[in-house]
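Enquirer: The structure's right below; bear with me while I get my questions together.
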Amino acid sequence: MRYLISVLIIDDHPIVLAGSKALFQGIDDLVIESESNPQNVLAKMENKHFDVLLVDVNMAGQDGLSLAADIKEAHEQALIILYTGDDIQTYYPLIVEKRVDGILSKTASQEKVIKTIRSLVQGDLVLSIDFIDYLKSKLQHKHDNLQLTNKEKQLMTLLLEGYTNKMIAEKLDITQRTVERYLSQLFTLFDVSSRMQAIEFVKEKKLL
């Protein structure tokens with residue numbers, strides 16, 4: 001008897017969610033459920049086991065990064081794949097920190113998505129080749145010669161000036177959710193967990 005893999009897709013955009021579910025039509029060993037409200041996920045997991053969670057990064061109410069952290073805290077063994085329209089290299093630090101188990105682009109082929117899910121359940125990790133280059137760089141240099149992008153410099157400058165997330169969003173004409181995602185990525189890059197630690201790190205390393 002073939003093992004059935006249960007997958008929960010979490011995405012707050014109905015059209016995108018429907019498209020994601022359509023990827024799995026006719027795949028007999030995958031049992032798919034979906035959830036459009038990220039705040040319902042933990043309660044749903046209390047009532048049912050899911051082998052893999054496919055989590056959209058950009059969601060209203062709660063972004064995929066913070067949801068992934070909450071899931072890992074409550075269910076340490078949960079297998080989480082971030083599903084994003086962004087450049088997946090942005091999220092490589094999260095794999096290094098063991099907060100997520102995989103990253104997939106929303107432009108990935110059906111074959112790649114299914115292969116990634118099956119491999120995770122079997123205990124294997126499927127990543128792009130350039131992840132090895134990223135990992136080597138991180139291990140060899142850690143924070144040596146760290147340079148911020150213009151966007152990262154702009155964000156940190158505003159933090160230093162005391163801007164709140166809401167103020168940063170208004171200043172840069174982006175959503176507050178996007179600001180939170182950018183800052184989360186920066187905190188991971190710096191190996192810090194708060195705005196104050198990030199500010200101290202930038203001052204210490206003279207990154208601005």
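Each value in this text was obtained by applying a stated rule to the coordinates, not by laboratory testing. Bear in mind that the values here come from a model prediction, so they are computed numbers and not experimental data. Quick reminder, even Gly has a Cβ in these numbers, built from the backbone with ideal geometry, and neighbours come from all protein chains shown.
Enquirer: If neighbour count is taken as other Cβ atoms inside 10 Å, put MET59, MET196 in order from fewest to most.
Expert: Ascending number of Cβ neighbours within 10 Å: MET196, MET59.
Enquirer: Net charge around ARG181, counting only other residues with Cβ within less than 10 Å of its Cβ (Lys, Arg = +1; Asp, Glu = -1)? Walk me through the numbers before you get to the answer.
Expert: Details: positive: ARG177; negative: ASP63, ASP86, GLU180.
Charge balance in the 10 Å sphere: -2.
Enquirer: Taking only the alpha-carbon positions of the stretch 58-127 and ignoring solvent, what does the Debye formula give for the base-10 log of I(q)/I(0) at q = 0.14 Å⁻¹?
Expert: Reported log10 I(q)/I(0), two decimals: -0.41.
Enquirer: Give me the angle, in degrees from 0 to 90, between the Cα long axis of helix 195-205 and the longest principal axis of the Cα atoms of the chain, rounded to the nearest 10.
Expert: Helix 195-205 sits at roughly 60 degrees to that axis.
Enquirer: Still on this structure, please answer the following. Report, to the nearest 10°, how far helix 176-190 tilts away from the longest principal axis of the Cα atoms in the chain, using its own Cα long axis and a range of 0 to 90°.
Expert: 80
Enquirer: Please give me the summed charge of the neighbours of ILE9: other residues whose Cβ is under 10 Å from its Cβ, Lys and Arg +1, Asp and Glu -1. Don't skip to the end; give the middle numbers.
Expert: Values: positive: LYS21; negative: ASP11, GLU33, GLU35, ASP56.
Here the count lands on -3.
Enquirer: On the principal axes of its Cα set, how long, how wide and how thick is the stretch 5-136? Give whole Å, largest value first.
Expert: Over the stretch 5-136, Cα extents along the principal axes are 40, 32, 27 Å.
Enquirer: Now for a different question. Can you give the three extents of the C-alpha atoms in the stretch 142-205 along their principal axes, from longest to shortest, in whole Å?
Expert: Principal axes ranked by extent give 33, 21, 17 Å for the Cα atoms.
Enquirer: As a test of the formula, what do you get for the chain when each DSSP H run with n ≥ 4 contributes -39,500 (n - 2.57) and the sum is divided by the residue count, at 222 nm and rounded to the nearest 500 deg cm²/dmol? Display every interim value, and only then the final one.
Expert: Numbers: 10 runs with 101 residues, N = 208.
The helix-only estimate for the chain comes to -14500 deg cm²/dmol at 222 nm.
Enquirer: Mind checking Rg over Rh on the stretch 8-52, alpha carbons, Kirkwood formula for Rh? Don't skip to the answer; put the middle values down first.
Expert: Working: Rg = 10.9 Å, Rh = 11.2 Å.
Rounded to two decimals, Rg over Rh is 0.97.
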